[in-house]
Amino acid sequence: MPVRIVNLKVNGVEQAFMAKPETTLLLALREQLGLTGTKRGCAQGACGSCTVLLDGAPVVSCLVPAVTVDGADVATVEGLADGQALSDVQQAFVDGFATQCGFCTPGMIMSAEALLARNPDPTSDEVNEAISGNVCRCTGYAPIVNAILDAAQRRRRRTGSKEAAL
């Protein structure tokens, strides 16, 4: 089996690692790069716990062969905080008690980050659609949706967008 060197920019840092053809992006992030915030759930792309942003789009990393994304930009939950300051979404999840066991949380947060990057003022229905590929088995979805809506409001307030003034 040929092994290839894969180069990625992960959370803004250039990374290189060796990968076999069957190595998924999830396994490379966790085992090669030590980024364990991305969780392995179903390993079939159905639960969303392994969601990361690949060139800005949410993907289930358990289904992405690492060798196919050479040169890509990957964002994981570890890259969202600015030092000790959590991102708006992370802080809203904490403040809104939108986690329980926390296993689905990184994937939910990454899906939320992708949504807010393309739509800074989503409706509840748009939030539900954005996280529809993420399964939570213990918290329930109302606190998660509320946290994402709260994060959107915080972000609009912080950036001074006109929607915040309404």
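The values are calculated or read from the model by the stated rules, or taken from the named source; none is laboratory data. These numbers come from a predicted model, not from an experiment. All Cβ positions, even for glycine, are placed from backbone atoms using ideal geometry, and neighbour counts span all protein chains on display. All accessible areas refer to the heavy atoms of the entire protein, side chains included, with ligands and DNA or RNA removed. Shrake-Rupley method; radii C 1.70, N 1.55, O 1.52, S 1.80 Å.
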- Residue pairs qualifying under the 9 Å Cβ cut-off, at least six apart or on distinct chains, with the first in segment 1-17 being within 8 Å of residue 74 (Cα to Cα) and the second being part of a strand (DSSP E or B) and of a type in the set (S, T, N, Q), are 8/15; 9/15
- Message: Suppose we filter 123, 99 for residues that are of a type outside the set (A, V, I, L, M), in contact (Cβ under 8 Å) with a residue 40 or more places away in the chain and either surrounded by 17 or more Cβ atoms within 10 Å (Cβ to Cβ) or over 25 Å from residue 27 (Cα atoms) (or both); which single one remains?
- Response: 99
- Query: Would segment 34-42 turn up any residue that is of a type outside the set (Gly, Ala, Ser), at pLDDT below 95 and under 15 Å from residue 134 (Cα atoms)?
  - Reply: yes
- Message: Could you check segment 20-65 and list, in sequence order, the residues that are out of contact with any Asp or Glu (no Cβ under 9 Å at 6 or more places or on another chain), in a strand (DSSP E or B) and closer than 18 Å to residue 105 by Cβ?
- Response: 51, 52, 59, 60
- Task: Starting from residues that are open to solvent by less than 40 Å² (accessible area, probe 1.4 Å) and in contact with a Pro (Cβ under 7 Å, 6 or more places away or on another chain), keep the ones in segment 65-90 and report whichever is nearest to residue 119 (Cα to Cα).
- Result: 77
- Query: Since residue 93 meets every condition but one in (1) within 25 Å of residue 22 (Cβ to Cβ); (2) of a type in the set (Phe, Trp, Tyr); (3) in a helix (DSSP H, G or I), which condition does it not meet?
  - Reply: (1)
- Note on the structure: Exactly one of 99, 68 is more than 11 Å from the chain's Cα centre (by Cα), assigned to a loop (DSSP other than H, G, I, E, B) and among the hydroxyl-bearing types (Ser, Thr, Tyr), and that residue is 99
- Item | Those residues of segment 105-118 which are more than 10 Å from the chain's Cα centre (by Cα) and either under 17 Å from residue 146 (Cβ atoms) or of a type in the set (Asp, Glu) (or both), in sequence order | 115, 116
- Being aliphatic (A, V, I, L, M) and open to solvent by 20 Å² or more (accessible area, probe 1.4 Å) narrows 149, 115 down to just 149
- Query: Just for segment 128-154: of the residues that are hydrophobic (A, V, I, L, M, F, W, C), in contact with a Phe, Trp or Tyr (Cβ under 9 Å, 6 or more places away or on another chain) and assigned to a helix (DSSP H, G or I), which one is farthest from residue 89 (Cα to Cα)?
  - Reply: 144
- Is segment 74-83 home to any residue that is under 18 Å from residue 151 (Cβ atoms), free of Cβ contacts under 8 Å to residues at least 60 places away in the same chain and assigned to a loop (DSSP other than H, G, I, E, B)? yes
- Query: Which residue pairs have Cβ atoms under 8 Å apart, sit 6 or more places apart or on different chains, and have a first residue in segment 127-151 that is under 13 Å from residue 104 (Cβ atoms) and a second that is modelled with pLDDT of 95 or more and acidic (Asp, Glu)?
  - Reply: 147/95
- Top-ranked residue of segment 1-56 - restricted to ones that are among the β-branched types (Val, Ile, Thr) and crowded, with 19+ Cβ neighbours inside 10 Å, ranked as nearest to residue 136 (Cα to Cα): 51
